[in-house]
1. Being assigned to a strand (DSSP E or B) and either hydroxyl-bearing (Ser, Thr, Tyr) or crowded, with 19+ Cβ neighbours inside 10 Å (or both) is the filter here, so list the residues in segment 180-196 that pass it.
2. Might you check whether a residue that is in the same structural domain as Gly346 (by TED's automatic domain parsing), in contact with a helix residue (DSSP H, G or I) (Cβ under 8 Å, 6 or more places away or on another chain), of a type outside the set (A, V, I, L, M, F, W, C) and within 23 Å of Pro65 (Cα to Cα) occurs anywhere in segment 220-228?
3. Testing Asp55 on (1) surrounded by fewer than 20 Cβ atoms within 10 Å (Cβ to Cβ); (2) touching a Phe, Trp or Tyr at 6+ places or on another chain (Cβ under 9 Å), one condition comes back false. Which one is that?
4. List, please: which pairs have Cβ atoms under 8 Å, are six or more places apart or on different chains, and start with a residue in segment 242-256 that is part of a strand (DSSP E or B) and end with one that is of a type in the set (Asp, Glu)?
5. Keeping to segment 336-386, report how many residues are over 23 Å from Ala316 (Cβ atoms), surrounded by 14 or more Cβ atoms within 10 Å (Cβ to Cβ) and at pLDDT 95 or above.
6. Please tell me if Arg72 is assigned to a strand (DSSP E or B) and either among the basic types (Lys, Arg) or at pLDDT below 95 (or both).
7. For segment 155-176, which residues satisfy the criterion of being loosely packed, with under 15 Cβ neighbours inside 10 Å, closer than 24 Å to Ile385 by Cβ and touching a residue at least 12 places away in the same chain (Cβ under 8 Å)?
8. Modelled with pLDDT of 95 or more, within 16 Å of the chain's Cα centre (by Cα) and among the β-branched types (Val, Ile, Thr): is that true of Val159 in this structure?
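The values are calculated or read from the model by the stated rules, or taken from the named source; none is laboratory data. Everything numeric here is computed off the predicted structure, so don't read it as measured data. We place every Cβ from the backbone using ideal geometry, glycine too, and count neighbours over all the protein chains shown.
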Amino acid sequence: MRVLLLSDVYFPRVNGVSTSIASFRAALGRNGVATTLVCPRYDDGVSGADAAGPDLVRVAATAVPRDPEDRRMRWRGLQRALAALPPAAYDLVHVQTPFLAHYAGVRYARHARLPVVATFHTLFEEYLHHYVPLLPRALGRGLARAWTRSQCNAVDGVVAPSPPMAELLTAIGVRVPVRVVPTGIPEDRFRPGDGARFRREQRLPEGRPLLLYVGRVAREKNIGFLVDAFVEVRRSRPDAMLVIAGEGPARPALAERVARLGLGADVAFVGYLERARALADCYAAASVFVFASRTETQGLVLLEAMAQGCAIVSTAHLGTASILQAGCGARVAPEQPEAFAQAVVGLLDDPRRAARCGAQARAYALGWNERRMAGRMQEFYAELIARAKIARDPPPAAPGETHERQACLDSR
């Protein structure tokens, strides 16, 4: 089986979509599924495994206004890149993002008479009001749902990263088959990091307990709430620090807010971290991992924290609720600064309890193995390919069936 993937984002841009694509490509490859990925070319350090090659096609791209991290592929360049690919080499097209990649992927698939599937990674109805604040929220939600419904119904099947996302898609009128296939955790994410090394490299004091957030620094991630909760934590534990790992458009405003609160020496922005070593070290240094995003379709970073044995305090919204189940080792807290802080302080004040929660979380994360999830994706691919083949080449009618059909036509 060979699959053509299209995405408007990929490494070196670090986010959940890039991580999911890389994880599935690696695991599907081990299962015997070959993939070719078409994605933007970045001008800021793409090299090595991320450079263009026979299975990774980079398309010339321009900067996205007011979003320095992302790129927009040039439509003509995208069309040329796809035209250079032999349609006969692929069994299925898998679209990962809803922008140019979606429209180009559907167009290519229909022309090549291939089935096309899309993964719904992002809940845009919860993002829109952050970036278009003058648009009434109800109107924005309606527009986002209409857009999502139209795109999903234009493909042959949809992958949802969590059951709540599948339920939402069905509720807004998506009629094509929807399959829940979460992103799995690679085996190397379970390799313990060196917390002491992270503290040394980031010049963080050895004795201070660290609260850690990892992810995009954007408004929809609700990091402002974590800062409010951190203020409450410090009423009981003035020695605590908050570490924010990641980059994003909200970082300047967030840093300004931290400064206004007088927390400049207590909140560390450490930016993007290299995944192979630095990120694992960061998790290992954390006393408690904290998370409060309302918009996650899955919440992959929670599983990464669990794989590293972190004690976790999180709210449970949408996709994260499907991860934060009984036995996961995490503490689920309400989105109220005082109550959230109380849950964090309870773990900081009881290191043995925090260690037990971390061990339970690590054992729970083992059930989200990436090879297992890739197997579920491969099964969905096979179903869509078989269905497309039947539609394209219907089986011949049984001997008596032809005469029955003719009799029906004659009777008319």
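1. Once the filter is applied, which keeps residues that are assigned to a strand (DSSP E or B) and either hydroxyl-bearing (Ser, Thr, Tyr) or crowded, with 19+ Cβ neighbours inside 10 Å (or both), segment 180-196 yields only Ile185.
2. yes
3. (2)
4. What qualifies is Leu242/Asp266.
5. Looking only at that region, the number is 11.
6. Taking the combined requirement at face value, the residue satisfies it.
7. Within segment 155-176, just Arg175 meets the criteria.
8. Answer is yes for this residue.
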